[in-house]
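The values are calculated or read from the model by the stated rules, or taken from the named source; none is laboratory data. Because the structure is a prediction, the values reported are computed rather than measured. Reconstructed Cβ throughout: ideal geometry from the backbone, glycine too, with neighbour counts over all protein chains shown.
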Ligand SMILES: [Zn+2]
């Protein structure tokens, strides 16, 4: 049973009781609290309200995993791949299906160089969280096919656009054998332009088993490279080992 189902089971009799006694204040209170919890659950993966949202790995050992969203992007992903190869680091790339279809060779290179290439929806629509089960399933299936065609590998993870979720997301992911992945540390690198601030924000949220979220899509290559170089130095300084996501989740 999910946390959402438990909260619904608790809220319903309370609302019925309030209605039965004509206690409008209590009824409004229950409905507002319920709405607030739903809103938080939709936007905060870490609450795992609607299903098993994986936001961190095994805390045993001083390991963290790097993840990059919204690529592959011909303007920035190649520079990132060069850096990761030079540093001997393997990451997970949560890619947009239509970008994979438009960048076959780059997608294949990501996998060839030892990284994971995972499902981040086909079009990264802002309305993904409003999709019906049928539409969401079609979106995820199309992305799986595009990735498989480019890389020969089938993704095992799905990260919803903007991390937004609801019960349908988990139902579809489960039907396709995908685990839903969030994060525990992020630098808000699409909003901040200062690598120092981006890395400082990530470092503040770091702990063993952290899943770090950055973007390789729609980010200037130079800023991305400076940010990742700085982050790798900080991780080394704090003696964190960077492991590939699938290995950290084992
Ligand atoms: Zn994204």
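Numbers for the structure displayed
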quantity: Residue count for the range 60-80, restricted to those that are in contact with a strand residue (DSSP E or B) (Cβ under 9 Å, 6 or more places away or on another chain) and away from the ligand (no atom under 16 Å from the Cβ); calculated: 5
quantity: Flag if residue 214 is under 20 Å from residue 46 (Cβ atoms) and part of a strand (DSSP E or B); calculated: yes
quantity: Count of the range 87-102 residues which are on the phi < 0 side of the Ramachandran plot and surrounded by fewer than 20 Cβ atoms within 10 Å (Cβ to Cβ); calculated: 6
quantity: Single residue of the range 140-155 satisfying the filter (surrounded by fewer than 20 Cβ atoms within 10 Å (Cβ to Cβ) and more than 21 Å from residue 244 (Cα to Cα)) that is farthest from the ligand (Cβ to nearest atom); calculated: 149
quantity: Hits in the range 63-86 - residues which are surrounded by 16 or more Cβ atoms within 10 Å (Cβ to Cβ) and part of a loop (DSSP other than H, G, I, E, B); calculated: 70, 71, 72, 73, 76
quantity: Residue that is in contact with a helix residue (DSSP H, G or I) (Cβ under 7 Å, 6 or more places away or on another chain) and not assigned by TED's automatic domain parsing to the domain that holds residue 117, where the choices are 27, 17; calculated: 27
quantity: The range 206-226 residues that are closer than 16 Å to residue 54 by Cα, paired with ones that are in a loop (DSSP other than H, G, I, E, B) and more than 14 Å from the ligand (Cβ to nearest atom) (beta carbon under 6 Å, 6 or more apart); calculated: 208/59; 208/62; 209/57; 209/58; 209/59; 210/184; 211/184
quantity: Complete set of residues in the range 103-129 that are away from the ligand (no atom under 16 Å from the Cβ) and surrounded by fewer than 17 Cβ atoms within 10 Å (Cβ to Cβ); calculated: 104, 105, 111, 112, 113, 114
quantity: Flag if residue 93 is within 16 Å of the ligand (Cβ to nearest atom) and under 21 Å from residue 157 (Cα atoms); calculated: yes
quantity: Subset of the range 164-205 (residues that are over 16 Å from the mean Cα position of the chain (by Cα), surrounded by fewer than 22 Cβ atoms within 10 Å (Cβ to Cβ) and more than 29 Å from residue 1 (Cβ to Cβ)); calculated: 191, 192, 193, 194, 195, 196, 197, 200, 201, 203, 204
